[in-house]
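The values are calculated or read from the model by the stated rules, or taken from the named source; none is laboratory data. A quick note: this is a predicted structure, and the numbers were derived from the prediction, not measured. A quick note on method: Cβ atoms are made from the backbone with ideal geometry, for glycine too, and the neighbour counts reach across all protein chains shown. When the accessible area is computed, the model is the full protein with side chains, heavy atoms only, and any ligands, DNA or RNA have been set aside. Shrake-Rupley method; radii C 1.70, N 1.55, O 1.52, S 1.80 Å.
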Amino acid sequence: MSLVLGIGLRAGTSYRELRDLVHDAVGASAVSQVITVEGRETEPGLQRLVASLGAQLFTATAADLAAQQVPTPSESVDRLTGTASVAEAAVLLSGAELVVPKRRSARATVAVGRLPDDVPRVAPGYPPRDRDVVHRVIAERRDVRRGFLDRPIDDDVLTRVLESAHRAPSVGLSQPWDFLLIRDEATRRKVHDLAVAQRDAFAASLPADRRSAFDGLKIEAILDTPLNIAVTCDPGRGGRHVLGRHADPRTTWFSAAIAVQNLWLAARAEGLGVGWVSFFEPGEVGAVLDLPAHVELLGYLCVGHVEEFAAAPELVRTGWAAWRPLTWAVHHETWGQRGLPGETASRAVAVRDASAAAEGAVRLGSGREVVRVVVLDGGESAEHLVAAEALVVQLGGGRPTADFGVLWRPARTEDEAVEFGVEVARDLILQGAGELRVECPGDSELADGFARGLRWGGIACGAAVVRGGEPRGVSDSSA
Ligand SMILES: Cc1cc2nc3c(=O)[nH]c(=O)nc-3n(C[C@H](O)[C@H](O)[C@H](O)COP(=O)(O)O)c2cc1C
């Protein structure tokens, strides 16, 4: 049997008063849930009572409580809270049977309910206010590289942040992470030098337009922050029989990355900015930090108090990249059937020709970069990677060796090739492409389908698409 308490109380009601009231109502019986009206959950007396009962505290809105038919409504409570009952209504709202009607002390009321044993229990979520804070922290976390303050981080705050990071889930509970706290300026300078070298190398690889945009971006705050944290991963932690790792060793790295995300979110909640720097060859940082050889760098974080948190990522605000809509990322039952829960799922190729794509065009990015896309159905990809702006799409053959200049899109049918084309166009436009110049040297059916998809996807996102060096009009859909 599981008891539920509905409790109404005035602000400032003491723990002792609540304890006595509850004791009179239920004696020493076990209570699993306490429910009160939203806004009263922060009352210290109530919180202490809930903790002493070992119960969970939930809230209900006044509107939800007011909708319950209760045996003992009260006009004065209605005037005060907007519901004629808190205690009894809360019990009934929980689905419990009311076994002790409302009892009253000077400043509080309690009613007791019994949850039927045969009703399946559903674990409740957090009260709306708490739940919204979680979603807000996630939405308002930012990668911060500017505006750090010359202000130390309290040890208590840092410990809380590290505790949250350390609570991350991990494969087989292997907890493969460690956190190396770096404050020493000489060490940070050495790490900074490595990042500068990688920044220069990346800049040199960019086409002219993209390069000038990149020059305006800040990519690290190693020397601007009082604290750097190297998050490391020990891929062998836990020995041979780590549960769940045997089939997929990547899970070790996933686990350590989740610890970083926990750290990032907890830091945001504490008002600390975090910037992740990955402009490194990890081994070089490991050498500067004198890491043991079996421990690898997972992430290098710059941490400190900041002037403000921007509303949107810097890469979005500067037009370097754009958000990918969630509707593109959610698939139903089979890959490609996309849409939000509750929506009718559709394929990326919702449009069947270029003019239809142009009709509903939505400008997604603000990029102006011209990207030359070479579509190959088999054959040698490397020879086409001559210019910095060239992207080779390989439709057939095996997976090419890792190279971000080659996209592998092994389409099985022409329809799939069209679909992949739409998707690649959209993703390139999110990453700053303003115009796609498409070449298909082999001219196979698959390559032609992919190029068509590129055109539709490009046009639907408001970007110019040119094929074979010759501009094609929107009406010339070649669908
Ligand atoms: C694994 C990883 C590595 C990153 N490396 C860098 C980096 O080297 N420099 C940088 O400026 N931002 C880096 N970022 C931050 C991303 O640019 C940032 O998360 C993205 O633009 C979204 O912005 P937001 O984090 O503010 O939402 C990195 C982020 C992740 C997750």
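In region 113-155, which residues are within 16 Å of the ligand (Cβ to nearest atom), surrounded by 12 or more Cβ atoms within 10 Å (Cβ to Cβ) and not in a loop (DSSP other than H, G, I, E, B)?
Within region 113-155, 136, 137, 138, 140, 143, 148 meet the criteria.
Do we have residue 324 as out of contact with any His (no Cβ under 9 Å at 6 or more places or on another chain) and either open to solvent by 80 Å² or more (accessible area, probe 1.4 Å) or of a type outside the set (Val, Ile, Thr) (or both) here?
Details: out of contact with any His (no Cβ under 9 Å at 6 or more places or on another chain): yes; either open to solvent by 80 Å² or more (accessible area, probe 1.4 Å) or of a type outside the set (Val, Ile, Thr) (or both): yes.
Answer is yes for this residue.
What tally of residues in region 214-251 results from selecting those that are among the aliphatic types (A, V, I, L, M), open to solvent by 50 Å² or more (accessible area, probe 1.4 Å) and either within 14 Å of the ligand (Cβ to nearest atom) or in contact with a Pro (Cβ under 8 Å, 6 or more places away or on another chain) (or both)? Spell out how you get there, then give the answer.
Start the filter on region 214-251 by keeping residues that are among the aliphatic types (A, V, I, L, M), which leaves 217, 219, 221-223, 227, 229-231, 242-243, 247.
With the extra rule that they be open to solvent by 50 Å² or more (accessible area, probe 1.4 Å), the set shrinks to 223, 243, 247.
This time we only want the ones that are either within 14 Å of the ligand (Cβ to nearest atom) or in contact with a Pro (Cβ under 8 Å, 6 or more places away or on another chain) (or both), so: none.
Residues that pass the stated criteria total 0.
Tally the residues that are touching a strand residue (DSSP E or B) at 6+ places or on another chain (Cβ under 7 Å) and among the polar types (S, T, N, Q), restricting the search to region 102-153.
Number satisfying all stated conditions: 1.
What tally of residues in region 91-100 results from selecting those that are in a helix (DSSP H, G or I) and either over 16 Å from residue 25 (Cα atoms) or open to solvent by 30 Å² or more (accessible area, probe 1.4 Å) (or both)?
Within region 91-100, the subset in a helix (DSSP H, G or I) is 91-93.
Next, from what is left, pick out any that are either over 16 Å from residue 25 (Cα atoms) or open to solvent by 30 Å² or more (accessible area, probe 1.4 Å) (or both): 92-93.
Counting residues in region 91-100 that are in a helix (DSSP H, G or I) and either over 16 Å from residue 25 (Cα atoms) or open to solvent by 30 Å² or more (accessible area, probe 1.4 Å) (or both) gives 2.
Scan region 391-402 for residues that are closer than 20 Å to residue 436 by Cβ and free of Cβ contacts under 8 Å to residues at least 24 places away in the same chain and jot them down.
Of the residues in region 391-402, the ones closer than 20 Å to residue 436 by Cβ are 391-395.
Scanning region 391-402 gives 392, 394.
Across region 252-293, what is the number of residues that are more than 12 Å from the ligand (Cβ to nearest atom), touching a residue at least 40 places away in the same chain (Cβ under 8 Å) and not in a helix (DSSP H, G or I)?
The qualifying residues number 5.
Just checking, which of 162, 173, 158 is of a type in the set (A, V, I, L, M) and surrounded by fewer than 18 Cβ atoms within 10 Å (Cβ to Cβ)?
173
Answer yes or no as to whether residue 108 is surrounded by 19 or more Cβ atoms within 10 Å (Cβ to Cβ) and closer than 17 Å to residue 12 by Cβ. Break it down stepwise before answering.
On the way: surrounded by 19 or more Cβ atoms within 10 Å (Cβ to Cβ): yes; closer than 17 Å to residue 12 by Cβ: yes.
Yes, satisfied.
Listed here are the residues, each with its yes/no results for (1) under 16 Å from residue 102 (Cα atoms); (2) touching a strand residue (DSSP E or B) at 6+ places or on another chain (Cβ under 8 Å); (3) open to solvent by less than 30 Å² (accessible area, probe 1.4 Å).
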| residue | (1), (2), (3) |
| --- | --- |
| 24 | yes, yes, no |
| 31 | no, yes, yes |
| 37 | yes, yes, yes |
| 41 | no, yes, yes |
| 48 | no, no, no |
| 52 | no, no, no |
| 57 | no, yes, no |
| 60 | no, yes, yes |
| 63 | no, no, no |
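May I ask you to list the residues in region 295-318 that are open to solvent by 50 Å² or more (accessible area, probe 1.4 Å), part of a loop (DSSP other than H, G, I, E, B) and more than 13 Å from the ligand (Cβ to nearest atom)?
Correct list: 307 only.
May I ask you to say which residue of 59, 72 is among the β-branched types (Val, Ile, Thr), farther than 23 Å from residue 269 by Cβ and more than 16 Å from the ligand (Cβ to nearest atom)? Even if it seems obvious, please write down each step before you answer.
On the way: 59 fails: farther than 23 Å from residue 269 by Cβ.
It is 72.
Starting from region 117-137, take each residue that is closer than 22 Å to residue 37 by Cα and list its partners that are of a type in the set (Gly, Ala, Ser) and modelled with pLDDT under 90, counting only C-beta distances under 6 angstrom and pairs at least six apart or across chains.
131/125
Of everything in region 180-210, what is part of a helix (DSSP H, G or I), surrounded by 14 or more Cβ atoms within 10 Å (Cβ to Cβ) and away from the ligand (no atom under 16 Å from the Cβ)? Give them in sequence order.
187, 190, 209
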